[in-house]
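Take a look at the structure set out below.
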Amino acid sequence: MKTMLIPVDFTETSENAINYAAEWCSEFDYDHIILHKTFYNSVFDNLIPSNEYANINEDYFPAYRKEEMEKLHELKENLNARLKPGIKVSLIVSELPMLRSIMNVLRSENVELIIVGSDHLQSSNNGFISTHVINIAKASPVRVLIVPSISAFNKIEQVLVPCDFNALQSLERLARYKENLPKRNKMELMVLNVDQKDKHLQKDSTGNESETLLHEYLKNFKHEIFYSNDKNIITGIVKFLKEHETDLIVALPGKHSFLYSLTHKSISESLYRNALKPVLILK
């Protein structure tokens, strides 16, 4: 069973991620969606240090919990109404902190993809899930799809792949991903190398070898190589997005990943909250 996991918090951003996931499910032949909700309230972490109060919502706010569960079942019903017959929707709730709970689900279920919504930079109300996007992306051992709150689903045809020519072996992940795609999928890759010193214009033997190796890795994809001479890798990627129609960004390991340096939260947060297109992080 091909399974995806969607953490929910009942914000518009979270609901948009669910709507996007419904279309993604059909596009890429998923047959099981897990909606995940944690009742752990970290607001109390600084007030009550004892772990015995971890279930504070359940113990002290039964009305709140009942209302949240009703919302969760309503989400499930609405999602079921949008999906093709045969696609299963499950609910998983937890009293654990969100990241720990998600990791537990990944261990117990055969999850292939996590879909999370992210608030746009102009949003004044950050959702609970959205504030944890970087932590989820960093910790997850499976692929993570980050869906901007202002992004609606488009058929995935034009895909941007920022790529470091010094780490082309990371393209192996993309080659393996191809094996799991439906045969009908015809996505085309735009491989972007931010070449700050215009080395590609020199066409020396090293550059030619890199291009040859890249074409070998991506021989099963229709693809084209683009170059940017921007002095800043991230700026070069963002400028490219403004100039080319793109349905999806695929982030590979390495410094040319769209969400590179996940430990630098300010950089990563600025990127994903400014992005107008979904970002798929391969693992």
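The values are calculated or read from the model by the stated rules, or taken from the named source; none is laboratory data. Everything numeric here is computed off the predicted structure, so don't read it as measured data. Please note: Cβ atoms are built from the backbone with ideal geometry, for glycine as well, and neighbour counts cover all protein chains shown.
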For H244, only one of the following conditions fails: (1) at pLDDT below 80; (2) under 21 Å from F153 (Cβ atoms); (3) loosely packed, with under 15 Cβ neighbours inside 10 Å. What is its number? (1)
Output the number of the condition that G254 fails; it satisfies all remaining conditions of (1) at pLDDT below 75; (2) over 18 Å from M190 (Cβ atoms). (2)
Out of (1) in the same structural domain as I92 (by TED's automatic domain parsing); (2) out of contact with any Pro (no Cβ under 7 Å at 6 or more places or on another chain), the odd one out for L106 is which? (2)
For V93: the one exception among (1) assigned to a helix (DSSP H, G or I); (2) closer than 16 Å to Y40 by Cα: (1)
The lone condition A139 fails out of (1) at pLDDT 85 or above; (2) over 30 Å from P7 (Cβ atoms) is (2)
Tabulated pairs, region 176-189, first among the acidic types (D, E), second exposed (fewer than 15 other Cβ atoms within 10 Å of the Cβ) and in a strand (DSSP E or B), C-beta under 8 angstrom, 6+ apart or interchain: E188/K222; E188/E224
Scan of region 158-175 for residues that are free of Cβ contacts under 8 Å to residues at least 60 places away in the same chain and either part of a strand (DSSP E or B) or over 14 Å from T212 (Cα atoms) (or both), ordered by number: E172, A175
